[in-house]
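Trainee: My structure is below; once you've seen it, I'll send some questions.
The values are calculated or read from the model by the stated rules, or taken from the named source; none is laboratory data. Computed from a prediction, not measured in an experiment: that's the story for all the values here. Using ideal geometry, Cβ is built from the backbone for each residue, glycine included, and neighbour counts are taken over all protein chains shown. These area figures cover heavy atoms from the full protein model, side chains too; ligands, DNA and RNA do not enter into them. Shrake-Rupley method; radii C 1.70, N 1.55, O 1.52, S 1.80 Å.
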Amino acid sequence: GNLSYYFDSMRVNLGPFRHDANVVWDLAPHDFSIIDYLIEDKPVALSASGKSLFGNGVEDVGYITLYFHGNVIAHINLNWLSPIKVRTTYIGGAKKMLVWDDLNPNECIKIYDKGAVVENRDGHCNHLVSAHSGDMWSPRVDQQEALRLEVDHFVDCLLHDKAPLSDGYTGLRVVKLLEAANTSLKTGGKLVYL
């Protein structure tokens, strides 16, 4: 499906520095899982670039771009060297745009009635991009512990023989994306087809 035009995420903070995994393996699983859940169309290729700024062979800064068949692109900014902690995601669609800020519990989601659409018109200009701008609203989101919700959902699936929202296939798709991102990272950002 064509859920959005772009998914743009920033997941940065100062540390914690790891030696057993790079910044991609540490932080990207969260965004890959969100993308897998939100975007019906699965990515066809990705490119990842990064650097081990401390020179210990473990990348502490990384940038990943995922490409899809449709009119969708996703970009993830990962960093262990940021002076501030940021957990934000921007999702832009034709009619609405969403900002998720995990560090703002009072207004963690903001929905903007803003967008841009391409209008097909006869004449000398076939494609005219028109932007619209409306209100912003922040729906109330009950603050609950994510791990508790996960465990409750898992138990509910076991007790009532339900398929979980995030199953083994989801995990497999996320690990395949991590492996592809790591391959691209080690080859200087070379495009990896999935």
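Trainee: Of all accessible surface on the chain at a 1.4 Å probe, what whole percent is carbon and sulfur?
Mentor: 56
Trainee: So, one more: Alpha carbon centre of the range 4-48 versus the range 162-179: separation in Å?
Mentor: 14
Trainee: Give me the 1.4 Å probe accessible area per residue for the chain, excluding ligands and nucleic acids, in Å². Show your work: numbers first, answer last.
Mentor: On the way: 12110 Å² over 194 residues.
Ligands and nucleic acids excluded, the figure is 62 Å² per residue.
Trainee: Report the antiparallel proportion of the DSSP beta bridges in the chain as a percent, rounded to a multiple of 5.
Mentor: Close to 85 percent.
Trainee: If you take every residue apart from Lys96 with its C-beta less than 14 Å away from the C-beta of Lys96, what net charge results, scoring Lys and Arg +1 and Asp and Glu -1? Display every interim value, and only then the final one.
Mentor: Details: positive: Lys95, Lys110, Lys114; negative: Asp113, Asp135.
That sum, taken over residues with Cβ under 14 Å, equals +1.
Trainee: What shape does the range 17-113 take by its C-alpha gyration tensor, where a ≥ b ≥ c are the square roots of the eigenvalues and a/c under 1.5 counts as rounded, a/b above b/c as prolate, and the rest as oblate?
Mentor: Values: a/c = 2.53, a/b = 1.39, b/c = 1.82.
Oblate.
Trainee: Here is a follow-up. Quick one: Karplus J couplings for the range 101-113, per residue in order, coefficients 6.51, -1.76, 1.60, θ = phi - 60°, nearest Hz, x for Gly and Pro?
Mentor: 10, 5, 8, 10, x, 6, 9, 6, 10, 10, 10, 9, 7
Trainee: What shape does the range 53-106 take by its C-alpha gyration tensor, where a ≥ b ≥ c are the square roots of the eigenvalues and a/c under 1.5 counts as rounded, a/b above b/c as prolate, and the rest as oblate?
Mentor: Oblate, because a/c is 1.5 or more while a/b does not exceed b/c.
Trainee: Give the aspartates and glutamates whose C-alpha is closer than 14 Å to that of Lys95, dropping any in the same chain fewer than 8 places away, or say none.
Mentor: Asp113, Glu119, Asp135
Trainee: OK, next. Among the aspartates and glutamates, select those whose C-alpha is under 18 Å from the C-alpha of Lys190, and discard any that sit fewer than 8 residues away in the same chain.
Mentor: Glu59, Glu179
Trainee: OK, next. For the ranges 180-187, 142-149, 14-21, 166-173, what's the packing order if you count other beta-carbon atoms within 10 Å of each residue, average per peptide, and put the highest first?
Mentor: 180-187, 166-173, 14-21, 142-149
Trainee: Right, here's the next one. Once every DSSP H run of n ≥ 4 in the chain is given -39500 (n - 2.57) and the sum is divided by its residues, what mean residue ellipticity at 222 nm do you get, rounded to the nearest 500 deg cm²/dmol?
Mentor: -8500 deg cm²/dmol
Trainee: Give the residue from His69, Gly92, Pro105 lying farthest towards the positive end of the charge dipole for the range 1-114; charges sit on Cβ (+1 for Lys and Arg, -1 for Asp and Glu) and the dipole is referred to the Cα centre.
Mentor: Gly92
Trainee: Let me ask you something else. Using the Kyte-Doolittle scale, find the helices of the chain whose mean hydropathy is at least 1.6 and whose Cα atoms extend 24 Å or more along the helix's long axis, counting only whole DSSP H runs.
Mentor: Answer set is empty.
Trainee: Which whole-number percent is the relative contact order of the chain (Cα, under 8 Å, 6+ apart)?
Mentor: It comes to 25 percent, rounded to a whole number.
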